[in-house]
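Reviewing the structure listed below.
Throughout, read-outs are computed from the coordinates displayed, never taken from laboratory work. Every value quoted in this text rests on a predicted model; they were computed, and no experiment measured them. Positions of Cβ are backbone-derived with ideal geometry, glycine not excepted, and every protein chain shown enters the neighbour counts.
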Amino acid sequence: MTSVVKALPVSFYNRPTLTVARELLGARLVRILDGVKLVGIISETEAYFGFDDLASHAKAGRTIRTAPMFGPPGHAYVYFTYGNHWMLNAVTEKEGFPAAVLIRAIQPIEGVEVMMKRRQGRDTLGPGKLTQALGITKSENNVNLTEANSSLWIEAGIFIPDKSVTISPRVGLNKTPEPWLSKPWRFLLLVP
């Protein structure tokens, strides 16, 4: 008997961004690439939300690039950065309010050989590394992550207790001013 694949519903994402960022830890990020199912447990996230968050793309308002961030919750916001990295975000909160969770790292559990080949044997602990491993590019921008029949979705995974989570400031923000630089909006799964 086969089990029915069920992506996390819109209601999961249509909540406060910090809640979604924390609860995405342990969820399964699923990618169908060239007919192969690739799965990783989400092990690190960061929250970005509102016009006031000076680390968020929303600080510049709605643009062609940031439009998905203002869209319906549960969609992907994929953007290119540093001239060579794609970044995958899950849009959160109500439509029209700019908010998203950056998926920073995964622990591969299915299709590991394919992911390792795409990464030349290197890890998937970084937002650009996981998108390279999963073949996520601009084509996945605005994909509905709540539909398990697409090429990219997120489904329930394993429960992660609070004692297994580190909360810290977001990383790689460079010249972002305080207090945004030090906001504890990064969630990291501790590996035993």
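Quick check on my link table: of LYS59/LYS129; LYS37/LYS129; LYS37/LYS117, which ones sit more than 21 Å apart, alpha carbon to alpha carbon? Don't jump to the answer; show the numbers that get you there.
Details: LYS59/LYS129 26 Å; LYS37/LYS129 18 Å; LYS37/LYS117 14 Å.
Listed pairs above 21 Å: LYS59/LYS129.
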Residue exposure sequence - SER11, SER150 - by fewest surrounding Cβ within 10 Å
SER11, SER150
Specify which residue in the list PRO169, ILE103, THR92 is farthest towards the positive end of the charge dipole of the range 53-192, using unit charges on the beta carbon of Lys, Arg (+1) and Asp, Glu (-1), about the Cα centre.
PRO169
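Ranked by Cβ crowding within 10 angstrom, fewest neighbours first, how are TYR48, TYR82 ordered?
Details: TYR48 25, TYR82 8.
Ascending number of Cβ neighbours within 10 Å: TYR82, TYR48.
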Please give the calculated 222 nm ellipticity per residue for the chain, where each DSSP H segment of at least 4 residues contributes -39500 (n - 2.57) and the sum is spread over every residue; nearest 500 deg cm²/dmol?
-3000 deg cm²/dmol
Mind checking which lysines have their Cα closer than 23 Å to the Cα of LYS163? Skip sequence neighbours fewer than 8 apart in that chain.
LYS183
Could you tell me the convex hull volume per residue, in Å³, taken over the Cα atoms of the chain?
126 Å³
Whole-Hz ³J(HN,Hα) for each residue in the range 174-181, computed from phi via Karplus 6.51 cos²θ - 1.76 cosθ + 1.60 with θ = phi - 60°, x for glycine and proline: what do you get?
6, 8, 5, x, 6, x, 5, 4
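Run the numbers for ASN84 and LYS37: contour at 0.36 nm per residue of separation, minus the present Cα-Cα distance, in nm. If you can, show how the numbers build up before the last one.
Working: separation 47, 0.36 × 47 = 16.92 nm, distance 2.45 nm.
Separation in residues times 0.36 nm, less the Cα-Cα distance, equals 14.5 nm.
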Which loop chymotrypsin sites (Phe, Trp or Tyr not before Pro) in the range 92-192, with loop taken from DSSP, have no more than 11 other Cβ atoms within 10 angstrom of their Cβ?
PHE159
Residue order, fewest to most beta carbons within 10 Å, for MET116, MET87:
MET116, MET87
If you find the alpha carbon centre of the range 1-65 and of the range 111-159, how far apart are they in angstrom?
11 Å
Subtracting the Cα-Cα distance of LYS59 and ASP162 from 0.36 nm times their residue separation yields 34.0 nm
